[in-house]
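These notes concern the structure reproduced below.
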Amino acid sequence: HIPSHTIIQLIIACYLSTQFHINDALLPNKIQSFDIASKLKNDLESITKASTDHGNLIHDKPSSVLYPSSIDDIVALVKLSNNCSSPFTVSAKGCGHSVRGQAMSRSGVVIDMTSLNKHDHKNNMNNDAKNENYDSGIRVSWSSSLGYYADVGGEQLWIDVLRATIEHGLAPLSWTDYLYLTVGGTLSNGGISGQSFLHGPQISNVLELDVVTGKGAFVTCSEHINSELFFAVLGGLGQFGIITRARIVLDKAPTRAKWIRLLYEDFTMFTSDQETLISTVNNGPDYVEGSLITDHSPPNNWRSSFYSHAHQSKIHSLLKNNQGLLYSIELVKYYHDDQSVSTIDEEIHSLLKDLNFIPGFIFKKDVTITEFLTRVARTDNEKGSSVQSQAHPWLNLFVPKSRIHDFNAGVLVHIIARHKQTSGPILFYPLNRKKWDDRMSAVVPDEDIFYTLGLLHSCRVDESEDFDRLNNKIMEFCEKAGIRIKQYLPHYKSKEDWAKHFGDKWKIFQERKLKFDPEMILSPGQKIFNYDD
Ligand code: FAD
């Protein structure tokens, strides 16, 4: 950690030291780096915001916050850190939707990436892009080799990507449920939703990236150029570089969605129907998720208010007769306005005819594609306040398919459904491993199909320890039962746990860190290479 003086002072000191003996290759534009001092703030509001995230559990304070107006500012900051005798840490912060301080930088600098969005985007692009008519931070293009794609600033929100692409009748293939997340933030993790079984996570739908590495180098990378950096950064938890542009695959956007929910009492039928749906090759669904309904996780919640009053009372009586636990499949079939409704209805009929949901417990909606993709409303902390009343001690796991029945008995039935406090949505749905590229940093269980569990707890801050105990109980159960789960959006406290998490990839993860961020500057809040003293 840096002693008591602020990063602003440090930067001035660094700048002055460069006048005498600093390696010029690392700091080509000294005046520009001095300029960033005016974009560093350490007022109470900046520091409070940078030390708050959606989880509201960790509050690591940085020394300052950089509000960049161009990528050059980010390059200059990272180079300055490298040039200091005791480098300071740097964390890119998208929207701070992490729940365990992953975008924080104790005593270092947090880069408020969304600040790039308030400036002229021509400054945020490399020279090729500057020649184009690029003024929204999102540029839609086509080429004969790549088809349609969008070049998107790492600071952009997925909701804005949707708005900009749909204007052209196009859209990305892979989404998150919630669109008020930055492109750089989700690509540092994975980016999953009900489309992932078909198109892979968001990290599998990227053609090219611009990255500022931990050494302060601005590098364009793809599967073919600088591929090691490309694969390191995707799912790399911010450890290797700061994503400033992503080239995202687009396709013709559907116009409407037939949106269906099916209810189950029986876990075996629920999961075997989910697996049937994700394996249907011809005219299959475009989106498949699933969730648990319990007394504490009712059918409607902040994530989705799908059910009418009448539906809800019907579901509540069923819940009572089924020991307080039901399972629900959510599936969607996209279609185009010009398609005949009878054709799409026939396709849906053939998808549903052999499924084993409870007779009569099928609920349907027909909505526009935008209504469907924006179904999760903005959360409170989007409204600009740095003060939150709720904590979110979330736990997200990937569970190998071969153990889901043990997981259901031990975790879903015995731990989660019996937990007496209010929690939040509980998601449970399958993903296909073949849609994840093993060269990427993201880790998933070693089986063709695995399930994701999302325990999206919401509680008072003073209740969060109870939820941590609940989460630990789940992890301990899996450990004892030998269920080889992986955490998604992982949070660990020791090097041993990180090594175990990455498994075979740990060696390469460490080697890549030494190569791209040898001073261990980037994303210290993940606590993979930077520990609390
Ligand atoms: P931040 O929390 O700001 O940052 C996360 C990490 O990425 C940090 O380590 C940070 O340093 C790093 N980082 C941020 N920007 C960059 C960048 N440009 N370059 C390199 N590193 C960077 N996830 C899903 O997969 N699917 C969902 O459906 C989903 N729904 C969510 C709903 C809500 C309400 C919330 C709060 C979260 C949800 N998430 C979901 C989780 C979300 O994807 C992660 O929290 C993600 O990190 C959020 O992006 P952010 O922009 O807020 O990132």
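Computed from the coordinates by the stated procedures, all read-outs in this text should not be read as laboratory data. None of the values given here were measured: they were computed from a predicted structure. Using ideal geometry, Cβ is built from the backbone for each residue, glycine included, and neighbour counts are taken over all protein chains shown.
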Would you mind working out the magnitude of the charge dipole of the chain relative to its Cα centre, with +1 at each Lys and Arg C-beta and -1 at each Asp and Glu C-beta, to the nearest 20 Debye?
-> 640
Protection proxy (average C-beta count within 10 Å per residue), highest first, orders 190-203, 342-355 as 190-203, 342-355
In nanometres, what is the gap between the two model label sites at ILE358 and HIS309, each 7 Å from Cα along Cα-to-Cβ?
-> 2.2
Length gained, LEU44-ASP437, 0.36 nm per residue minus C-alpha separation, equals 137.2 nm
SER279 versus THR255, label points 7 Å from Cα toward the beta carbon: distance in nm?
-> 3.6
Please state, to two decimals, what the Cα-based radius of gyration of the chain comes to when divided by 2.2 N^0.38 Å (N = residues).
-> 0.98
To the nearest Å, what is the center-to-center distance of the range 277-316 and the range 190-214, using C-alpha atoms only?
-> 25
Protection-proxy order for peptides 74-87, 474-487, 219-232, each taking the mean of Cβ atoms within 10 Å per residue, highest first = 74-87, 219-232, 474-487
Neighbour-count order for THR48, THR370, THR271, fewest beta carbons within 10 angstrom listed first | THR48, THR370, THR271
Binned Cα-Cα distance frequencies in the range 388-460 - 10 Å width, integer % | 18, 43, 27, 12, 0
Of the peptides 60-71, 501-512, how do they stack up when ordered by the mean number of other Cβ atoms within 10 Å, highest first?
-> 60-71, 501-512
Just from its helices, what would the mean residue ellipticity at 222 nm be for the chain, if runs of 4 or more DSSP H residues each count -39500 (n - 2.57) and the sum is divided by every residue, rounded to the nearest 500 deg cm²/dmol?
-> -8000 deg cm²/dmol
Per residue, how big is the convex hull around the C-alpha atoms of the range 121-252? Give it to me in cubic angstrom, could you?
-> 105
Give me the number: length gained by fully extending ARG460 to SER143, i.e. 0.36 nm times residue separation minus the C-alpha to C-alpha distance, one decimal in nm.
-> 109.0 nm
Rg over Rh [alpha-carbon atoms, Kirkwood Rh] for the range 382-533 | 0.99
For the range 256-373, build the convex hull from the C-alpha positions and give me its volume per residue in Å³.
-> 104
